[in-house]
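K.L.:
Take this structure first; my questions come after.
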Amino acid sequence: MIKEESECVGCALPCIHDSCPYYRVQLHYCDSCGEPADIETDGKDYCYDCAEKDINEELLALPFSEKCVLLGIEIKNYL
């Protein structure tokens with residue numbers, strides 16, 4: 001999620017509000033936990049912990065053969 005916040009650096013100059021690049025800054029926060037986001041995947045913002053959790057859940061849902069394809073592991077069926 002994107003939030004607009006002030007990143008005022010306290011420069012002690014008269015405030016120029018919207019003309020200042022620090023007055024209103026877009027910051028990204030994790031869509032899962034609300035912490036500052038580190039990455040974006042598939043249009044969602046994530047911190048590393050939530051991204052890893054989400055990706056691991058996706059990987060666990062895959063059948064064994066698809067996991068092998070993703071990892072480049074050759075398998076032979078004996079049946």
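The values are calculated or read from the model by the stated rules, or taken from the named source; none is laboratory data. Every value quoted in this text rests on a predicted model; they were computed, and no experiment measured them. Note: ideal-geometry Cβ built from the backbone for every residue, glycine included; neighbour counts use all protein chains shown. Remember, those area values only see protein heavy atoms, side chains included, never the ligands or the DNA or RNA. Shrake-Rupley method; radii C 1.70, N 1.55, O 1.52, S 1.80 Å.
K.L.:
Can Cys11 be described as on the phi < 0 side of the Ramachandran plot, modelled with pLDDT under 90 and hydrophobic (A, V, I, L, M, F, W, C)?
P.N.:
Judged against the criteria, Cys11 is a match.
K.L.:
If a residue has to be surrounded by 11 or more Cβ atoms within 10 Å (Cβ to Cβ), closer than 14 Å to Met1 by Cβ and not aromatic (Phe, Trp, Tyr) to count, how many in region 42-79 make the cut?
P.N.:
Residues in region 42-79 being surrounded by 11 or more Cβ atoms within 10 Å (Cβ to Cβ), closer than 14 Å to Met1 by Cβ and not aromatic (Phe, Trp, Tyr): 4 in total.
K.L.:
Which one of the conditions (1) in contact with a strand residue (DSSP E or B) (Cβ under 8 Å, 6 or more places away or on another chain); (2) assigned to a helix (DSSP H, G or I); (3) among the aliphatic types (A, V, I, L, M) does Val69 fail to meet, given that it meets all the rest?
P.N.:
For Val69, the failing item is (1).
K.L.:
Could I ask something else about it? Is it fair to say Val9 is β-branched (Val, Ile, Thr) and either loosely packed, with under 10 Cβ neighbours inside 10 Å or in contact with a Phe, Trp or Tyr (Cβ under 9 Å, 6 or more places away or on another chain) (or both)?
P.N.:
Here the answer is yes, as Val9 does meet what is asked.
K.L.:
While we're on this one: Of everything in region 14-36, what is outside any strand (DSSP E or B) and out of contact with any helix residue (DSSP H, G or I) (no Cβ under 9 Å at 6 or more places or on another chain)? Give them in sequence order.
P.N.:
Residues satisfying the conditions are Pro14, Cys15, Ile16, His17, Asp18, Ser19, Cys20, Pro21, Tyr22, Gly34.
K.L.:
In addition: How many residues are of a type in the set (Phe, Trp, Tyr) and assigned to a strand (DSSP E or B) if we restrict to region 37-56?
P.N.:
Of the residues in region 37-56, 1 are of a type in the set (Phe, Trp, Tyr) and assigned to a strand (DSSP E or B).
K.L.:
How about region 15-39: which of its residues are open to solvent by less than 90 Å² (accessible area, probe 1.4 Å), in contact with a strand residue (DSSP E or B) (Cβ under 9 Å, 6 or more places away or on another chain) and either at pLDDT below 90 or closer than 13 Å to Glu4 by Cβ (or both)?
P.N.:
Hits for region 15-39 are Val25, Leu27, His28, Tyr29.
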